[in-house]
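**Q** Once you've had a glance at the structure underneath, I'll fire off some questions.
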Amino acid sequence: MAIKIIAEAGVNHNGSLSIAKEMVLAAKEAGADYIKFQTFCPKALVSKFAGKAEYQRKLTGNKESQLEMLEQLALNQDDFIMLRKYCDQQGIGFVSAPFDLESICFLDKLNMDFWKIPSGEVTNLPYLMAIARTRKSVVVSTGMCEMEEVEAAIRCLEEGGTKEIILLHCNTEYPTPMKDVNLRAMVTLQKAFCLPVGYSDHTQGIEIPIAAAAIGACILEKHFTLDRKMKGPDHLSSLEPDEFRDMVKAVSNVEQAMGNSEKKPSESEKKNIETVRKSIVARHRISKGERFTEENLTTKRPGTGISPMNWFKVLGKRAEKDFEEDEIITVSFDMKIK
């Protein structure tokens, strides 16, 4: 299965439908399979007393509450209906992660390919039950999670009717320090739950998603922005279109390079075998009837004669003809060329 790449637009549209549409086009051109937004009713998501996360305060200040910030970033339901149609027109998959029960009900009508559950909702039982009741495929980010919390979420989803679950390893610090990425946790998740595993990235740069592809991610999600200099909480840890395109190309190269695990000569290198391998040749002139010895034989390219792996089978035999220096040695008996 080809790695699916999600451009996480999130709220990087800054509450503007026109910017969101620009992002759809840019994500498509950059090679993303899906563009993902975030659907929420601000007052259903956070209380008026909720403060901002530390990274949000650093990037947007501390004069407004988290609720006030989200009210400026939210798109309305009509906007998402238009975005769904626009994505279909442009040939890119549409996904939006719901952050409250009302948004789940709304997005369920848009017939998305799968649900994306954000890390912050993994411990939200009513939310998980509502998702499960739809019986649709689910992709779950596991940022901030203990293994027991992941297990509980999986159990809730499966018991509620979810048939297909993909787990995404994730770290929810924006941007994530390299020392906290812990990509090996992808392997831990896969072994523990026997489910497909991918990676949702919040580091700066493209090397970590590429590394995740190399260790088996089936989905890669990366924050995406038109311009990292734009005002907003998530732009700094996002890739601009050219960077995203480079990541997609690199991931595709890695995916091809992983191969099928069978060790044998590839089609492209078979033509080099005779050129770079060696044969048993005459070290100097050898007369007919002379015995082959370590003093009169050596190994040199090309590999069109007797393989040096048959060295001791040739030693002690008598030359059946004269051999000039560097001439490939031949023998008349059956000699398997390895």
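**Q** It is to be established whether one or more residues within segment 131-141 are over 24 Å from residue 53 (Cβ atoms) and open to solvent by less than 10 Å² (accessible area, probe 1.4 Å).
**A** Yes - at least one qualifying residue is present in segment 131-141.
**Q** Taking residue 270 as meeting all but one of (1) more than 30 Å from residue 211 (Cβ to Cβ); (2) surrounded by 17 or more Cβ atoms within 10 Å (Cβ to Cβ), write down the number of the exception.
**A** (2)
**Q** Continuing with this model, one more query. Kindly list the number of the only condition in (1) more than 21 Å from the chain's Cα centre (by Cα); (2) part of a helix (DSSP H, G or I) that fails for residue 263.
**A** Status for residue 263: all satisfied but (2).
**Q** Does segment 239-257 contain any residue that is under 24 Å from residue 182 (Cα atoms), open to solvent by 60 Å² or more (accessible area, probe 1.4 Å) and hydrophobic (A, V, I, L, M, F, W, C)?
**A** Yes, some residue in segment 239-257 is under 24 Å from residue 182 (Cα atoms), open to solvent by 60 Å² or more (accessible area, probe 1.4 Å) and hydrophobic (A, V, I, L, M, F, W, C).
**Q** Residue pairs, Cβ under 7 Å, 6 or more apart or interchain, first in segment 313-328 and over 12 Å from residue 296 (Cβ atoms), second open to solvent by less than 70 Å² (accessible area, probe 1.4 Å) and at pLDDT below 95. List them.
**A** Correct list of pairs: 313/335.
**Q** Scanning segment 228-238 for residues that are open to solvent by less than 60 Å² (accessible area, probe 1.4 Å) and in a loop (DSSP other than H, G, I, E, B), which turns out farthest from residue 22 (Cα to Cα)?
**A** Filtering first and then ranking leaves 233.
**Q** Let me confirm something: among 55, 34, which residue is closer than 29 Å to residue 124 by Cα, at pLDDT below 95 and out of contact with any Ser or Thr (no Cβ under 7 Å at 6 or more places or on another chain)?
**A** 55
**Q** Among all residue pairs at least 6 apart or on different chains, which show Cβ distances below 6 Å where the first residue, located in segment 219-236, is of a type in the set (Ser, Thr, Tyr) and the second is surrounded by fewer than 24 Cβ atoms within 10 Å (Cβ to Cβ) and not in a strand (DSSP E or B)?
**A** Within 6 Å, the pairs are 225/235.
**Q** Here's a follow-up. Considering only segment 138-214, give the helices (runs of 4 or more DSSP H) lying wholly within it that have at least 1 residues that are among the aromatic types (Phe, Trp, Tyr).
**A** Per the criteria, 184-193.
**Q** If you check residue 99 against the conditions, is it in contact with a Phe, Trp or Tyr (Cβ under 8 Å, 6 or more places away or on another chain) and either more than 18 Å from residue 156 (Cα to Cα) or polar (S, T, N, Q) (or both)?
**A** Criteria not met by residue 99.
**Q** Looking at segment 259-281 only, could you name the residues that are on the phi < 0 side of the Ramachandran plot and either in contact (Cβ under 8 Å) with a residue 60 or more places away in the chain or of a type in the set (Gly, Ala, Ser) (or both)?
**A** Within segment 259-281, the subset on the phi < 0 side of the Ramachandran plot is 260, 262-281.
Matches in segment 259-281: 266, 268, 279.
**Q** To continue, here is another question. Across segment 142-168, what is the total count of residues that are touching a residue at least 40 places away in the same chain (Cβ under 8 Å) and closer than 21 Å to residue 215 by Cα?
**A** Number satisfying all stated conditions: 6.
**Q** Residues 304, 299, 275, 225: which one is surrounded by 16 or more Cβ atoms within 10 Å (Cβ to Cβ), farther than 27 Å from residue 183 by Cα, among the hydroxyl-bearing types (Ser, Thr, Tyr) and more than 18 Å from the chain's Cα centre (by Cα)?
**A** Sole residue among the options that is surrounded by 16 or more Cβ atoms within 10 Å (Cβ to Cβ), farther than 27 Å from residue 183 by Cα, among the hydroxyl-bearing types (Ser, Thr, Tyr) and more than 18 Å from the chain's Cα centre (by Cα): 299.
**Q** Which residues, counting only those in segment 192-244, are polar (S, T, N, Q) and more than 19 Å from residue 24 (Cβ to Cβ)?
**A** Within segment 192-244, 200, 203, 204, 237 meet the criteria.
The values are calculated or read from the model by the stated rules, or taken from the named source; none is laboratory data. Since the structure is predicted, the reported quantities are computational estimates derived from the model, not experimental observations. All Cβ positions, even for glycine, are placed from backbone atoms using ideal geometry, and neighbour counts span all protein chains on display. For the accessible areas, the whole protein counts, side chains as well, though only heavy atoms, and no ligand, DNA or RNA atoms are used. Shrake-Rupley method; radii C 1.70, N 1.55, O 1.52, S 1.80 Å.
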